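The values are calculated or read from the model by the stated rules, or taken from the named source; none is laboratory data. Keep in mind the model is a prediction, meaning the values are calculated, not measured. Every residue, glycine among them, receives a Cβ derived from its backbone with ideal geometry; neighbour counts consider all protein chains shown. Calculation scope for accessible area: heavy atoms of the full protein, side chains included, ligands and nucleic acids excluded. Shrake-Rupley method; radii C 1.70, N 1.55, O 1.52, S 1.80 Å.
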Amino acid sequence: MRSDGSPSAPLGLKVAAACGLLFLHLPIFLIFTYAFTTEEKSFVWPPPGLTTQWFAVTWNRPDVWQALSLSVRVAAISTAVALVLGTLCAAAVSRTRFFGRETISLLVILPIALPGIITGIALRSAFSLAEIPFSFWTIVLGHATFCVVVVYNNAVARFRRTSGSMIEASMDLGADGFQTFRHVVLPNIATALLAGGMLAFALSFDEVIVTTFTAGQQQTLPIWMLEELIRPRQRPVTNVVAMVVVLVTLLPILAAYYLTRDGDQIAGSGK
């Protein structure tokens with residue numbers, strides 16, 4: 001029993017929770033450690049020495065910058081496409097009733113529920129059938145299929161918690177559809193869209209499986225990292241890049257969490 005009167009967790013549960021957290025985060029700790037190792041050909045534990053030279057080596061590698069640039073551009077455009085399509089789908093599903101609405105909702109969510117290899121094979125087959133050459137845009141289309149789901153899930157939940165009476169009041173006061181969306185709907189769903197966009201960007205930035213089937217000869221950063229791991233020299237460069245990826249994807253996820261944790265406080269939700 002704690003000092004405030006609330007029951008404390010059993011010791012066994014605390015130990016199990018600690019072991020679970022250790023299992024999840026120990027590999028990340030190893031990535032960070034090997035970014036500073038002096039051994040360049042293999043991963044030896046404990047590291048024979050520590051150095052920061054690999055950060056300078058990584059900074060001066062043009063192939064790293066090319067892969068990083070491609071990943072950022074793909075993630076940015078995929079997120080923009082997902083924001084538009086995901087918001088429109090969410091508005092249609094949450095605000096109107098029509099035959100097959102639940103089926104459409106299921107079909108929108110399906111790409112993220114399917115194994116990535118299934119989505120990748122399906123997209124590659126479709127591109128080949130349509131004789132579309134693999135390029136930057138095939139990667140964007142592949143990533144947009146699952147980025148839409150992230151935005152859709154955030155937007156549809158917020159739409160359903162937003163009071164319809166506010167939209168009706170706006171229409172009664174003479175506002176057209178665009179004005180109602182801009183001044184009433186958008187302020188209420190803005191944080192949900194921002195959080196969904198951040199999660200979609202992080203998801204696209206480190207995607208591997210679908211990218212493998214849609215990239216052709218291009219290398220996004222995760223694909224570059226996989227190929228670098230099989231090379232016999234300068235393996236710590238891969239860990240330096242991995243550390244940067246962890247930080248890049250962690251920040252949007254944390255921001256999305258803080259933006260949506262108070263999402264139940266929606267204007268007009270109690271009316």
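Data overview
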| quantity | calculated |
| --- | --- |
| Search result, residues across region 97-108 that are within 24 Å of A195 (Cβ to Cβ) and of a type outside the set (A, V, I, L, M) | S105 |
| Candidate set from region 48-60 (those that are of a type outside the set (A, V, I, L, M, F, W, C) and open to solvent by 40 Å² or more (accessible area, probe 1.4 Å)); member that is modelled with the highest pLDDT | N60 |
| Single match in T38, T96, T119, T52 (criterion: touching a Pro at 6+ places or on another chain (Cβ under 9 Å), farther than 30 Å from W137 by Cβ and of a type in the set (S, T, N, Q)) | T38 |
| Flag for L85 being loosely packed, with under 13 Cβ neighbours inside 10 Å, among the aliphatic types (A, V, I, L, M) and in a helix (DSSP H, G or I) | no |
| Residues that are outside any helix (DSSP H, G or I) and farther than 20 Å from A202 by Cβ, drawn from region 88-114 | T96, R97, F98, F99, G100 |
| Among (1) exposed (fewer than 10 other Cβ atoms within 10 Å of the Cβ); (2) at pLDDT 80 or above; (3) within 29 Å of T58 (Cβ to Cβ) - the single one G12 does not satisfy | (3) |
| Members of region 125-141 that are in contact (Cβ under 8 Å) with a residue 40 or more places away in the chain and open to solvent by less than 60 Å² (accessible area, probe 1.4 Å) | F127, S135, F136, T138, I139, V140 |
| Residue in region 29-41 that is open to solvent by less than 40 Å² (accessible area, probe 1.4 Å), assigned to a helix (DSSP H, G or I) and either hydroxyl-bearing (S, T, Y) or without any contact (Cβ under 8 Å) to a residue 12 or more places away in the chain (or both) present | yes |
| Options A190, A200; residue that is hydrophobic (A, V, I, L, M, F, W, C) and touching a residue at least 12 places away in the same chain (Cβ under 8 Å) | A200 |
| Checklist (1) of a type outside the set (V, I, T); (2) modelled with pLDDT under 85; (3) farther than 30 Å from R160 by Cβ applied to F136, failing item | (2) |
| The lone exception for L24 - which of (1) under 30 Å from I109 (Cα atoms); (2) surrounded by 14 or more Cβ atoms within 10 Å (Cβ to Cβ) it fails | (2) |
| Residue identified as under 23 Å from R160 (Cα atoms) and either hydroxyl-bearing (S, T, Y) or open to solvent by less than 70 Å² (accessible area, probe 1.4 Å) (or both) among A122, A75, A91 | A91 |
| Yes/no for G216 being at pLDDT below 80, in contact with a Phe, Trp or Tyr (Cβ under 9 Å, 6 or more places away or on another chain), surrounded by fewer than 19 Cβ atoms within 10 Å (Cβ to Cβ) and farther than 22 Å from A113 by Cβ | yes |
